[in-house]
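Asker: What follows is a single structure, and I will ask about it in a moment.
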Amino acid sequence: MLLGKVIGTVWATRKDDQMVGMKLQIVREVDLDYREQKRFVVAVDSVGAGVGEIVLVAQGSSARQTDLTRNKPVDAVIAAIVDKLDVA
Amino acid sequence: MLLGKVIGTVWATRKDDQMVGMKLQIVREVDLDYREQKRFVVAVDSVGAGVGEIVLVAQGSSARQTDLTRNKPVDAVIAAIVDKLDVA
Amino acid sequence: MLLGKVIGTVWATRKDDQMVGMKLQIVREVDLDYREQKRFVVAVDSVGAGVGEIVLVAQGSSARQTDLTRNKPVDAVIAAIVDKLDVA
Amino acid sequence: MLLGKVIGTVWATRKDDQMVGMKLQIVREVDLDYREQKRFVVAVDSVGAGVGEIVLVAQGSSARQTDLTRNKPVDAVIAAIVDKLDVA
Amino acid sequence: MLLGKVIGTVWATRKDDQMVGMKLQIVREVDLDYREQKRFVVAVDSVGAGVGEIVLVAQGSSARQTDLTRNKPVDAVIAAIVDKLDVA
């Protein structure tokens, strides 16, 4: 999974019918000190992550393995909110 | 999903039979200020996005989860048209 | 899909049984002016593309959604031959 | 598979129900001399790898082909612990 | 598929049960003149490729479409040994 930080939200009223009601969060990649990197991804939020939280994003077909996203045209999902990292 | 801007259209008469009738849009990656980046992808349009619009593109097997693209050799689909971003 | 140009062919007699009879083309990425980039991919040709033609390549599991490639160890397929691009 | 080194652990109490009980390891890419590279990934551990060990990580849908990860929103799994490399 | 050169072997005794008996080869990307690039991948060998041979590697779910790798946590497989390239 990708380590990232929720930095905002996407508003989109015209979308595939299967995406109605999904919260779309902007997640920027971070390094192990939570410093923001250049790359970001738009991910569906399945765990109630708020702006500023550090999260794990699952991508590809794995993003469709939650109740919210199953069989939907979604390639990134926030699967966990990070409490802390233990780095050796 | 990838944040991008529709910048053009691809014309292709010789193609896999399953792709007949699909609109193929050129989508260039943008940053959070909608500035165009170098990378682009050719995506099937499932939501009627026009040139100049900001969109979300789902890639990989997730691109086949729309009525239009199911079971087809398509690895990128425009799944939503973006109204605006709220960035913290 | 990836925009590319067919620049050659791969000959491989020893291969997975399921790949016998497939034409393997070398496709180099191009930009919107058809200028060749550094990256290339080896793709199965399902549409009869010749050397020099501009094509669209579908990658990942989507590359297995043609009659020729279904259930085979193939991760890139030429799905269309491009006639022209309309770029705004 | 990706060659990497386990350098730490992620703690995440709020996560998708299907991820409960999974150990989440931080794996940094290494080169063939085991020198750490910039990129890292968070992977589920299915083989009991400890911090400092060199491992192979399977990504994408292949990460869901272990007993522990089947049908779960997981896109990276530690599938093997490396004893040594023989490089020509 | 990725064009690469087999440069070595990975030894791993502790691994997912489904990977027992698989030969794991280190494949370094090459350009069209077979010059080695920086990136490499560890791939299961399904065709008996030896060190020094030029090969095609299928990645992602396509890597699981051989008899040897079906339903296993494997995201890269050597699917063909290259005899030669014809580049225009």
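The values are calculated or read from the model by the stated rules, or taken from the named source; none is laboratory data. Treat the numbers as computed from the prediction; the structure is a model and nothing was measured. Quick reminder, even Gly has a Cβ in these numbers, built from the backbone with ideal geometry, and neighbours come from all protein chains shown. Side chains are part of the model used for accessible areas, which takes the heavy atoms of the whole protein and leaves out ligands, DNA and RNA. Shrake-Rupley method; radii C 1.70, N 1.55, O 1.52, S 1.80 Å.
Asker: Taking the Cα centre of each part, how many Å lie between region B:14-66 and region A:47-88?
Answerer: So the two Cα centres are separated by 23 Å.
Asker: Where Lys and Arg each count +1 and Asp and Glu each count -1, what net charge lies around A:Gly8 among other residues with Cβ under 13 Å from its Cβ?
Answerer: -2
Asker: Give me the orientation-averaged projected area of the Cα convex hull of chain B, in nm², one decimal.
Answerer: The orientation-averaged projected area of the Cα hull of chain B comes to 5.9 nm².
Asker: When the accessible area of the protein assembly as shown is split by element with a 1.4 Å probe, what percent falls to carbon and sulfur?
Answerer: 47 percent
Asker: Place a label point 7 angstrom from the Cα of B:Arg70 along the Cα-to-Cβ direction, then list the residues of region A:53-88 whose backbone nitrogen is under 12 Å away.
Answerer: Hits in region A:53-88 for B:Arg70 at 12 Å: A:71-72.
Asker: Shifting gears a bit: Taking Rh as the Kirkwood radius computed over C-alpha pairs, what is the Stokes-Einstein D of the protein assembly as shown at 20 °C in a medium of viscosity 1.002 mPa s, expressed in µm² per second?
Answerer: Answer from the Stokes-Einstein relation: 97 µm²/s.
Asker: Still on this structure, I have one more. Most fluctuating residue of B:Ala76, B:Ala58, B:Ala12 in a GNM of chain B with Cα springs under 10 Å: which is it?
Answerer: Fluctuation is largest for B:Ala12.
Asker: Rounded to the nearest 20 Debye, what is the dipole magnitude of chain D about its Cα centre when Lys and Arg each give +1 and Asp and Glu each give -1 at the C-beta?
Answerer: Working: 12 positive and 12 negative charges, 62 e Å.
Using only the charged Cβ atoms, the result is roughly 300 debye.
Asker: Sticking with this structure for a sec: Taking a point 7 Å out from Cα toward Cβ as the label site, list the nm distances between A:Thr13 and the same residue in every other copy, smallest first.
Answerer: With the label placed 7 Å along Cα→Cβ, A:Thr13 yields 4.0, 4.0, 6.5, 6.5 nm.
Asker: Continuing with this model, one more query. Would you mind counting up the charge near D:Asp75? Only other residues with Cβ under 12 Å from its Cβ, with Lys and Arg at +1 and Asp and Glu at -1.
Answerer: +1
Asker: Separate question: With a 1.4 Å probe and every protein chain left in place, work out the accessible area per residue of chain D in Å², rounded to a whole number.
Answerer: 40 Å²
Asker: What residues from region D:34-53 fall in the zone where the backbone N is under 17 Å from a label point 7 Å along the Cα-to-C-beta line of E:Glu36?
Answerer: Flagged as within label range: D:34-35.
Asker: Name the most mobile residue of A:Val57, A:Val77, A:Val41, meaning the one with the largest mean-square fluctuation, in a Gaussian network model of chain A with Cα contacts below 10 Å.
Answerer: Its mean-square fluctuation being the largest, the pick is A:Val41.
Asker: Can I ask one more? Can you pick out the pairs among C:Lys5/C:Lys72; B:Lys5/C:Lys15; D:Lys84/E:Lys84; B:Lys72/E:Lys5; B:Lys72/C:Lys15; B:Lys72/E:Lys84 whose Cα atoms lie more than 29 Å from each other?
Answerer: B:Lys5/C:Lys15; D:Lys84/E:Lys84; B:Lys72/E:Lys5; B:Lys72/E:Lys84, as the Cα separations exceed 29 Å there.
Asker: Over chain A, what is the relative contact order in whole percent, taking alpha-carbon pairs under 8 Å and six or more residues apart?
Answerer: Taking the mean separation of contacting Cα pairs over the length of chain A, I get 31 percent.
Asker: Let me ask something additional. Please check: in the Gaussian network model of chain D (C-alpha springs, under 10 Å), which one of D:Lys15, D:Lys72, D:Lys23 has the largest mean-square fluctuation.
Answerer: D:Lys15
Asker: Ok, one more. Tell me the net charge near B:Val20. Cut-off is 12 Å between Cβ atoms, B:Val20 excluded, with +1 for each Lys or Arg and -1 for each Asp or Glu. It would help to have the intermediate numbers written out before the result.
Answerer: Working: positive: B:Arg14, B:Lys15, B:Lys23, B:Lys72; negative: B:Asp16, B:Asp17.
Here the charged neighbours net out to +2.
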